[in-house]
Amino acid sequence: METSFGITDSQIDIAMRDNAKNLYAIQLKSIGRGLDIGTLIEVRRAQLACKLSDEIAADMFREHAKKLIQENISSALDILKSRNKATNSPTQVIEEVKCVLAFNSLLTVLSKHPQGDRFARGLGPISLAGELDHDRRAGDLKTLYRAYATDVLSDGPVDNEKLTPLNDLRNIFGLGKREAEAIISDVKSQAYRKRLAKSFNTDLAAAPSKASFLQNLCEELQFDPELASKMHEDIYRQKLQQFVADGELSKDETEALTAFQVRLCIPQETVDAAHTGICGQLFEKVVKEAILSVDGYNADRREAVRKAAQSLNLKKEAAMTIFSKAVRKLFLNYIQKAKAAGNRIEQAKELKKLISFNTVVVSELLADIKGELTTAEPATSSATSESETTESEGEDEDYEWESLETLKKTRPDKELKEKLGKSSQKEITLKDDLPLRDRAELYQTYLMFCITGETTNVSFGTAISSKKDDSEYLMLKQLGRILGLTAKEAQDVHIKLAEKAFVQQAEVVLADGKLTESKADQLATIQTQVGLPSEHAQKIIKSITTTKLSSAIEASISRGQIGIQQVRGLKDANFELDSLISEPLRETIYKKCAEEIFSSGTGEFDEEEVYVKMPADLIISAEKARSIVQDIAKVRLENALVQAVALLRQKKRDGVISSLNDLLACDAAVPASKPLSWPTPRELDDLYCVYMKSIPKQDKLSRLQYLLDISAEKAEDLRDAATAGTLPQTGQEEEELAF
């Protein structure tokens with residue numbers, strides 16, 4: 001509805017509401033942080049007089065309260081950010097925050113007042129969360145929150161009286177729970193560190209139980225014991241780094257570190273880990289400088305290593321771990337270069353550099369780290385000789401392979417040992433860095449180098465091999481130690497190479513598969529040359545001849561020249577049939593034998609021979625054999641009847657009898673559950689008559705009667721006729737009488 005001035009009712013309502021808000025805003029200015037009850041009542045009356053809704057009034061009151069709080073916050077932040085020391089007073093900052101907390105507390109209390117319905121609307125706790133600029137100001141609010149938390153928690157025990165205002169301030173600032181907890185935890189950590197530093201040389205040092213003192217301190221500050229333990233470790237590491245900055249630990253510094261460990265209850269394994277990590281880096285640097293020195297491992301480098309090992313207070317195990325890691329990395333560099341070499345000779349040369357590096361540098365370094373004397377220094381020889389003798393005795397346990405010349409040469413005599421001088425370390429190996437297959441291949445490469453020597457190419461495409469002395473075999477043994485090969489694993493490489501050499505030559509000698517006396521002598525000579533034991537050489541010879549024989553036997557089987565009798569002959573000659581004849585071929589022989597039984601014309605079926613003896617001779621399972629026989633018999637049973645009728649029609653009496661015998665043999669293997677069917681019963685009677693005239697065994701004749709479905713009455717008539725000589729004659733018999 002429009003008035004005479006063209007203004008609608010809604011516009012009038014909006015104008016009245018805006019006017020009421022302006023009047024109410026003037027009234028709100030009278031409300032300060034003191035929140036006088038009388039003023040709150042007067043403001044409520046003004047709201048009602050202005051006819052302003054409770055919802056709008058409450059929103060305006062809360063906005064007014066937020067402005068008052070933000071004034072305190074802005075003032076506190078200005079003080080914090082001020083560079084002027086005179087104005088940058090933490091006390092003033094805390095006072096501003098306390099004003100915020102007091103004002104918020106008063107708002108909360110008055111919102112629950114019994115006469116609250118008479119007060120201005122909008123009383124209650126205030127939160128800045130959701131304000132448009134809250135995210136932008138979040139960093140400043142966190143800074144202010146941290147300042148207040150530091151002031152509250154830094155002095156005296158932490159209790160609910162201190163934590164409750166912090167929780168209220170978190171809600172006022174609109175901070176997340178995790179954010180506030182992280183700040184409080186950090187402040188507690190600083191307070192704990194401060195209290196710890198203050199009591200370290202006084203109360204903590206005098207405490208009979210350091211653990212109880214630290215536990216009480218954590219409880220007093222409500223500080224997480226796990227975080228406290230982590231702090232203790234950090235403090236120890238910082239002190240250790242400070243002390244070793246000059247490259248060594250003095251006696252006083254060591255005692256100070258011990259005091260830190262005892263008073264802060266730091267476990268020994270944590271201390272060891274700190275020393276390994278911090279001192280280990282310094283020690284590793286010294287070791288690498290010594291290893292990679294251009295001048296070699298001289299007296300200065302040796303002294304530096306010894307000093308580092310002793311002055312850094314590293315445990316021998318930790319020093320060995322660090323040294324081992326650095327050395328194995330260099331070992332692997334040599335291995336990679338060897339693998340990348342173009343031929344076996346170049347590979348062996350790189351491996352030889354590895355062996356020399358281990359002997360000349362690594363062994364002496366290791367002795368210095370362990371505080372032992374190297375071979376270059378005077379030492380009692382009795383202990384060394386005893387240990388070497390024990391080691392050598394331990395490695396010579398497998399006397400079966402003592403004939404291997406290459407293996408014997410890896411165990412040099414006393415004269416060669418004295419000639420070579422230095423011995424090599426065997427504690428640091430590549431056992432866990434390379435698979436056994438790779439390590440064995442590298443060992444075999446150098447073994448081949450020891451056997452063949454170094455070749456030199458000359459004119460016209462020829463090459464000359466330079467002779468190597470037995471010292472190469474001692475280096476081979478050292479290589480085996482570096483590669484982490486056990487005596488058995490190294491021995492296997494020698495055996496494999498010797499067997500390979502013997503096999504290659506034996507296959508040439510036994511090319512035709514025949515072992516004559518002259519060939520046996522020739523093989524014995526080769527066996528002596530490569531050093532194979534006689535038993536292993538005979539196994540290889542037998543394997544070759546067996547393989548050759550196996551090929552010939554397979555060809556004979558395919559031509560049908562091998563049967564069960566020949567197989568039994570091979571078995572009697574101690575041949576291993578399972579390796580000589582494959583299982584499919586053995587099954588083929590068995591099938592052939594079964595088919596011969598069902599086509600022999602005798603009518604005999606020996607279950608023990610077919611199901612027991614033949615499978616045993618041919619190494620076929622009884623179940624498999626029975627399945628094969630039954631499958632053949634089922635097919636042959638029907639075929640035998642068809643063949644018998646066909647021969648009957650051809651008037652071939654002997655063939656008929658043989659076919660009927662085959663039918664009975666098949667029936668013995670797989671007994672028929674019902675008589676056989678045939679479209680012409682007269683022909684079945686003729687078959688019965690022909691078979692009866694052959695004077696068979698009664699059980700066979702009775703079984704044939706059942707199979708041909710001849711009744712007992714008809715069978716009786718046919719037998720009586722045969723006795724009286726009046727049995728009808730077949731066509732063939734009539735022709736024979738006419739002739």
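I want to check the label-to-label distance for residue 356 and residue 242. Put each point 7 Å from Cα in the C-beta direction and report it in nm to one decimal. Going from the residue 356 label point to the residue 242 one covers 5.0 nm. The simple spin-label model puts a point 7 Å past each Cα toward its Cβ; for residue 346 and residue 171 those points are separated by 8.0 nm. Here residue 595 and residue 719 are evaluated by their C-beta separation; at R0 = 22 Å the FRET efficiency comes out at 0.05. Equivalent ellipsoid of the range 37-125: semi-axes from √(5λ) of the C-alpha gyration tensor, largest first, are 33, 13, 9 Å. Computed from the Cα positions only, the extents of the range 593-649 along the three principal axes stand at 43, 19, 13 Å, in decreasing order. Highest average first, the peptides 488-499, 659-670 ordered by how many other beta carbon atoms sit within 10 Å of their residues are 659-670, 488-499. So, R0 is 45 Å and r is the distance between the beta-carbons of residue 436 and residue 159; what FRET efficiency does that work out to, to 0.05? So the FRET efficiency works out to roughly 0.10.
Going by how many other beta carbons lie within 10 Å of each one, how would you line up 605, 173, fewest first? Each step should come with its number before you reach the end.
Details: 605 20, 173 25.
Fewest to most other Cβ atoms nearby, the residues stand as 605, 173.
May I ask for the equivalent-ellipsoid semi-axes of the range 522-654, computed as the square root of five times each C-alpha gyration tensor eigenvalue and listed largest first in whole Å?
Working: eigenvalues 367, 45, 23 Å².
Three semi-axes, in Å: 43, 15, 11.
Summing charges over all other residues whose Cβ lies under 12 Å from the Cβ of residue 236, with Lys and Arg as +1 and Asp and Glu as -1, gives +1.
Of the peptides 203-213, 703-713, the order by per-residue mean of other Cβ atoms within 10 Å, starting with the highest, comes out as 703-713, 203-213.
Gain in length, residue 329 to residue 486, computed as 0.36 nm per residue apart minus the alpha-carbon separation, to one decimal in nm? Numbers along the way, then the final one.
Details: separation 157, 0.36 × 157 = 56.52 nm, distance 2.12 nm.
In short, 54.4 nm is gained.
Built from the Cα atoms of the range 562-738, the convex hull projects on average onto 11.9 nm², one quarter of its surface area. For the pair residue 336 and residue 616, label points projected 7 Å from Cα toward Cβ lie 6.5 nm apart.
The charge dipole of the range 562-738, taken about the Cα centre with unit charges on the Cβ atoms of Lys, Arg (+1) and Asp, Glu (-1), comes to about 200 debye, rounded to the nearest 20.
Which of rounded, prolate, oblate describes the range 148-295, given a ≥ b ≥ c as roots of the alpha-carbon gyration tensor eigenvalues and a/c under 1.5 marking rounded, otherwise prolate only if a/b is larger than b/c?
On the way: a/c = 3.48, a/b = 1.94, b/c = 1.80.
The shape class here is prolate.
Every number in this text was worked out from the coordinates using simple rules, so none of it is lab data. Predicted, not measured: the structure shown is a model, and the values here were computed from it. Note that each Cβ is placed from the backbone with ideal geometry, even for glycine, and that neighbours are counted across all protein chains shown.
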